[in-house]
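Okay, so here's the structure we're looking at.
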Amino acid sequence: MKRRTVLKGAAAVSAVLAAPRISRADGPKTVNFCPQADLTSLDPVWTTADVTRNYSLAVYDTLYGYDAQFQIQPQMVEGHKVEDDGKTWELTLRDGLSFHDGQKVLASDCVASIQRFGKRDPFGEALMKRVQEISAPSDTVIRFKLDKPFPLLRNALAQVYCVMVPNRLAQTDPFKQMPEVVGSGPFKFVADERIPGSRSVFAKNTAYVPRKDGVASFNAGPKIVNVDRVVWNFIPDPATASAALQQREIDWWENPSLDLLSQIRTYKDVVVTVKDRTGEIGCLRFNQLNPPFDNAAIRRVVIAAMDQKEVMEGVSGAEPSLYKTDVGLFVPGTPMASKVGVEITRGPKDYAKLKKDLAAAGYNGEKIVVLAASNFPTIWAEAQVANDILTKTGFNVDLQALDWGTVVQRRASREPLSKGGWNIFYTYLGGFGNISPAPNIAIRGNGTSAWFGWPTNPKMEGLYSAWFEAPDQAAQQKICEQMQIAFWQDPTYAPLGMYDQPTAYQGYMHDVPDGWPQFYGLKKTI
């Protein structure tokens, strides 16, 4: 599919979407931010959507945090001690921690929060498999008793999804969303000002006590808030968002459309830069509960059909320096990345042969329901190109153009197609999972506990467990190669290449943190 066709389709969809009316950027104490999508889920354990992750960084806090070099630093804890040859850990909470409802953060709250996190997050699950007992011997001490040493315990607790909430909310079924927002982070979510589809508001948590030591870096160190409010105005039409940036109606646009970057660079005093170095790996995710993708042979045909270069040209052809191909499970050039088997992702493709392979694999022309976010330009672009490839390969594609919030809701359904189920959805894999197996949700094969798509793959699970036991990086790398070999044989998704997403903000925004959008640390001097 030609890129101009993709963009024309995206523009047509965007044109019918109403953009919110916003006024000229406010003074130095209010940040007007345009997020990548509307905020539809307020529970970072229930969903992995990036927009929820970014909201979580503002509202919640974690026991440990990652700095910009991906090193672990204490956050809510004052420190820890390790005894019994690494099998007993005691974490001590620092002073001054309180929830947004005014209640003190207790170790028992943290224990319940960790347990809930450990039932959904892959890194959390890996930790809890090794936990004999987790308890709160006092209001300030969290104790882990492990079956065997687990040096990555702090890494697991530093995951952004391992948020601390009051015990009563931590008792929520992890497969259901928490009924209210009560965090202990530097911002409070202002529920009364929420406008579904367009607006979310955060207010400075004046009771928040930042760390007194360390250096602010990524989501670690002192979280100093210099503004009173952060207003998220979701603008679905990229052209409208671009104009709002030019006219200073917004201070910061998280994910500017790649096709508009050259224009945005001409705007006076606007900074365009890449802050997130973990990148965005395109993902065509299979639902393995419903046919035909319960058949690994059919999934392998899809993998063989996808040309990463063609997809990424559709996504970021206007900025070719931003994309990478030959992408396997991890970002090329990072320690765990491997080139084993990536040649299958290259073009050109013989569609006549692929059609024969598809029929031989057992596909009988049944409809496949594909979910794609038409209001998310990079997702819509990858979906348009990849769906064209699916059609040319011989699939009977029912492409459903939805808003991203609806995709997030629909993809959680395990129902058959006749009851609103699905076969494929498109997204991007980002964050720490792109550079390490530990938090990588997309490679897991743990059945109903797995990420949406729910694959069962004992071999991959065995390799995943073995990675945690590897004695050094060389051994970890060898296991990652074996993971990639196993993945090509029994794929849970099709990697569609990757790109680095720039962000754009006004020149009067200073100290914008590296990594994902965060609103502590930054200053506005308009």
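Yes/no matrix, rows are residues, columns are (1) polar (S, T, N, Q); (2) touching an Asp or Glu at 6+ places or on another chain (Cβ under 7 Å); (3) surrounded by fewer than 16 Cβ atoms within 10 Å (Cβ to Cβ):
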{"residue": "Gln75", "(1), (2), (3)": "yes, yes, no"}
{"residue": "Leu93", "(1), (2), (3)": "no, yes, no"}
{"residue": "Leu97", "(1), (2), (3)": "no, no, no"}
{"residue": "Asp101", "(1), (2), (3)": "no, no, yes"}
{"residue": "Lys104", "(1), (2), (3)": "no, no, yes"}
{"residue": "Gln115", "(1), (2), (3)": "yes, no, no"}
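Each row is one residue, and each column tells you yes or no for (1) within 16 Å of Gly185 (Cα to Cα); (2) modelled with pLDDT of 95 or more; (3) aromatic (Phe, Trp, Tyr).
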residue	(1), (2), (3)
Leu7	no, no, no
Ala11	no, no, no
Pro28	no, no, no
Asp43	yes, yes, no
Glu83	no, yes, no
Gly86	no, no, no
> Counting only residues that are in a helix (DSSP H, G or I), within 23 Å of the chain's Cα centre (by Cα) and modelled with pLDDT of 95 or more, which one in region 465-496 is nearest to Arg300 (Cα to Cα)?
Replying inline: Trp488
> Among the residues of region 171-223, which ones are small (Gly, Ala, Ser) and closer than 30 Å to Ala241 by Cβ?
Replying inline: Gly183, Gly185, Ala191, Gly197, Ser198, Ser200, Ala203, Ala216, Ser217
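So that you can scan it fast, the table gives a plain yes or no per residue for (1) crowded, with 21+ Cβ neighbours inside 10 Å; (2) at pLDDT 95 or above:
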site	(1), (2)
Ile134	no, yes
Pro151	no, no
Met164	yes, yes
Pro196	no, no
Phe202	yes, yes
> Just one of the numbered conditions (1) over 28 Å from Ile441 (Cα atoms); (2) without any contact (Cβ under 8 Å) to a residue 12 or more places away in the chain is not true of Asn226; which one?
Replying inline: (2)
> Given (1) in contact with a Gly (Cβ under 9 Å, 6 or more places away or on another chain); (2) surrounded by 15 or more Cβ atoms within 10 Å (Cβ to Cβ); (3) without any contact (Cβ under 8 Å) to a residue 40 or more places away in the chain; (4) not charged (D, E, K, R), where does Val407 come up short, assuming only one miss?
Replying inline: (1)
> Residues of region 168-193 being over 19 Å from Gly118 (Cα atoms) and either surrounded by 15 or more Cβ atoms within 10 Å (Cβ to Cβ) or out of contact with any Ser or Thr (no Cβ under 9 Å at 6 or more places or on another chain) (or both), which ones?
Replying inline: Glu180, Val181, Val182, Ser184, Gly185, Pro186, Phe187, Lys188, Phe189, Val190, Ala191, Asp192
> Say we look at region 222-242 and pick out the residues that are under 18 Å from Met509 (Cβ atoms) and in a helix (DSSP H, G or I); which of these is farthest from the chain's Cα centre (by Cα)?
Replying inline: Ser242
> If we keep just the residues of region 245-291 that are in a helix (DSSP H, G or I) and out of contact with any strand residue (DSSP E or B) (no Cβ under 7 Å at 6 or more places or on another chain), which is nearest to Gln501 (Cα to Cα)?
Replying inline: Leu258
> When you go through Thr525, Thr503 one by one, which is the residue that is in contact with a His (Cβ under 9 Å, 6 or more places away or on another chain) and farther than 18 Å from Cys283 by Cβ?
Replying inline: Thr525
> Within region 347-384, which residues are of a type in the set (A, V, I, L, M, F, W, C) and either under 14 Å from Val301 (Cβ atoms) or not assigned by TED's automatic domain parsing to the domain that holds Ala401 (or both)?
Replying inline: Ala352, Leu354, Leu358, Ala359, Ala360, Ala361, Ile368
> What are the residues in region 497-522 that are among the β-branched types (Val, Ile, Thr) and not in a strand (DSSP E or B), if any?
Replying inline: Val512
>> Please go through region 302-325 and give me each residue that is buried (at least 22 other Cβ atoms within 10 Å of the Cβ) and in a helix (DSSP H, G or I), ordered by number.
In response: Val302, Ala305, Gln308, Glu310, Val311, Met312, Gly314, Val315, Ser316
> When Asn219 is evaluated against the numbered criteria (1) within 22 Å of the chain's Cα centre (by Cα); (2) in the same structural domain as Gly431 (by TED's automatic domain parsing), which criterion, by number, is the only one it fails?
Replying inline: (2)
> Going by the conditions given, is Val302 more than 17 Å from the chain's Cα centre (by Cα), more than 20 Å from Leu417 (Cβ to Cβ) and of a type in the set (Val, Ile, Thr)?
Replying inline: no
> Does at least one position in region 76-84 carry a residue that is over 15 Å from the mean Cα position of the chain (by Cα), over 26 Å from Phe144 (Cα atoms) and outside any helix (DSSP H, G or I)?
Replying inline: no
> How many residues does region 36-75 contain that are part of a strand (DSSP E or B) and touching a Lys or Arg at 6+ places or on another chain (Cβ under 7 Å)?
Replying inline: 2
> Just checking, how many residues over region 334-375 are part of a strand (DSSP E or B) and of a type in the set (A, V, I, L, M)?
Replying inline: 6
> Can you name the residue in region 343-373 that is without any contact (Cβ under 8 Å) to a residue 40 or more places away in the chain and within 30 Å of Asp500 (Cβ to Cβ) and, of all such residues, is surrounded by the fewest Cβ atoms within 10 Å (Cβ to Cβ)?
Replying inline: Glu343
>> Suppose we keep only residues that are at pLDDT 95 or above and aromatic (Phe, Trp, Tyr) within region 354-408. Which one would you say is farthest from Ile344 (Cα to Cα)?
In response: Trp380
> Does Phe123 count as in contact with a Cys (Cβ under 7 Å, 6 or more places away or on another chain), outside the structural domain of Thr206 (by TED's automatic domain parsing) and buried (at least 22 other Cβ atoms within 10 Å of the Cβ)?
Replying inline: no
>> So the check is Cβ under 6 Å with 6+ separation or different chains; which pairs have a first residue in region 144-165 that's acidic (Asp, Glu) and a second one that's not in a helix (DSSP H, G or I)?
In response: Asp147/Arg130; Asp147/Gln132
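The values are calculated or read from the model by the stated rules, or taken from the named source; none is laboratory data. From a predicted model like this one, the values you see are computed outputs, not experimental measurements. Cβ sites come from the backbone with ideal geometry, for glycine too, and all protein chains shown count toward neighbours.
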